[in-house]
Structure formats: structure tokens, C-alpha cells
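Heads up, the thing below is written out as C-alpha cells.
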Amino acid sequence: MRGRYGLLWVVNLFALTLFAVMWWSVTRNSWLLTIDEQVRSMMPSLRIEGMNGLVKMLTDMNGFVGAALFFTAVVILFWYKRWYRAIGFYTVATLGATGLFAIVKFMVARTRPEGAIIEMGGYSFPSGHTTMAAAMAFGLYVVLKERAERTVMTVVLFVAALGWALLIASTRLYLGVHWFTDVAGGFGLGLWWVTLVRIVWGKRPLTGD
């Protein structure tokens, strides 16, 4: 258990550093913003005719409605399993991430990139979709890995969580509604928050009665 908590702290500090570096880059106009321009200019050449609808459908799966439906389904599952501590953990991880990215958006007030292929209002940094994808996917991973009986299952759960977060981040870039530093910062923010909540929640298992 001590080793697991040590790893949690390492991941937590990595995620915080990633988010902080992206925030600093955006607010100080650092050289990292050249990556933003390179990625934005590259996106039109990667878009495939007929794929826009599919990508929008994928990104909507982690929008407000999609995230709310997924959250409800997870809570119902945990309730059925009588994992009451997991319900509290997942609720704080999800709602807390929502509040955090909303606050940071208004603090930074970054303009979205031009040339998006869908209409999108609001500020750009950090990506709310990516923040929520990271928080919800890794939050579910943290709970389910307690019941993984084999290492291979833990690896599968981790890859699934990471893959979902990166997929949602990619859809935001593809649609042109975010800069690269937006999604990188959102990933760091979501991962930092969910690991912090798990640390604060204590060492007792989440999947007990």
C-alpha cells in the first residue's frame, strides 16, 4: 500500500507540473506556443471527408450530456456493488474537475483558435472535455483496479483510461476548437485532481462496503 501511495504522489506531481507548465506557457507567451501553431496548421491536412461527423459524435460523448450520463451509470454500478466510498470518491473527482476547469478558463480567458469546423463559444484554456475525460476515466480506473485480480487486467484498465483521455483530446484538436497546450493542460489538470482526491480519500479501499 505504501508503494502504491508513493506512485500516486509521483503521478500527482507529474500531472501538476504538466498543467503548470502549460498555464505558464499560455499566460507568458512562451516558445511552447509555437507548437500550438504547428499543430493548428497541420490539422486541415489530416481531416478526412466524411469523418467530421464521427469525430463530433466522439467528442460529444465527453460533453456535458455524455459525461452526465456516464457519471450516472457509474454511480448506479457502484451503488449496486455497494461500493459507497467509491461513489463519494467518484463524485468529488468528477464535480471537482468540472469546477476547476471552469474557474481556470475564466482566470486565463484565452481565445479559441480560428478555423474551427464546429461552432464553439467560451474560453479555450484548459480544454474542459479533456479535463473531464482524464478525471472520469482515471477515476474509474482507480476504483476498478482494486478489484483486478491479475496484473494484465490492471494494465488493460490503465490503457483504456489513457486511451480515452487521449482520444477526446485528439478530437478537440481535429475539430479545431482548442490549441495543443489547451488539451495538454486539461489532461494534466484532470489527472492531478483525480490523484489528489484519491490521496486525500485515505488508504482504505474504495470498493469495500
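The values are calculated or read from the model by the stated rules, or taken from the named source; none is laboratory data. Not measured: the values here are computed from a predicted model. Methodologically, a virtual Cβ is constructed for each residue, glycine included, from the backbone with ideal geometry; neighbour enumeration extends over all protein chains shown.
Let's see how each residue does on (1) part of a loop (DSSP other than H, G, I, E, B); (2) modelled with pLDDT of 95 or more:
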position	(1), (2)
172	no, yes
178	yes, yes
193	no, yes
203	yes, no
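Can you pull out the residues in the range 66-110 that are among the charged types (D, E, K, R) and within 26 Å of residue 56 (Cβ to Cβ)? If the condition is that a residue be among the charged types (D, E, K, R) and within 26 Å of residue 56 (Cβ to Cβ), then 105, 110 are the ones that fit.
Test each condition in (1) under 28 Å from residue 24 (Cβ atoms); (2) of a type outside the set (Val, Ile, Thr); (3) in contact with a Leu (Cβ under 6 Å, 6 or more places away or on another chain) for residue 182 and report the one that comes out false. Result: residue 182 passes all but (3). Of all residues in the range 35-59, those satisfying the criterion of being surrounded by 10 or more Cβ atoms within 10 Å (Cβ to Cβ), assigned to a helix (DSSP H, G or I), over 20 Å from the mean Cα position of the chain (by Cα) and not hydrophobic (A, V, I, L, M, F, W, C) are 37, 38, 40, 41, 44, 52. The residue pairs whose first member lies in the range 186-198 and is surrounded by 24 or more Cβ atoms within 10 Å (Cβ to Cβ), whose second member is not in a helix (DSSP H, G or I), and whose beta carbons are closer than 7 Å, counting only pairs six or more residues apart or on different chains, are 186/126; 186/127; 189/126.
Here is a check on your reading of the model: is residue 181 touching a Ser or Thr at 6+ places or on another chain (Cβ under 6 Å), over 22 Å from residue 72 (Cβ atoms) and among the hydroxyl-bearing types (Ser, Thr, Tyr)? Show your work before the answer.
Details: touching a Ser or Thr at 6+ places or on another chain (Cβ under 6 Å): yes; over 22 Å from residue 72 (Cβ atoms): yes; among the hydroxyl-bearing types (Ser, Thr, Tyr): yes.
Spelling it out, residue 181 is indeed touching a Ser or Thr at 6+ places or on another chain (Cβ under 6 Å), over 22 Å from residue 72 (Cβ atoms) and among the hydroxyl-bearing types (Ser, Thr, Tyr).
If I go through the range 114-161 residue by residue, how many of them are among the hydroxyl-bearing types (Ser, Thr, Tyr) and farther than 22 Å from residue 185 by Cα? Here the count works out to 2.
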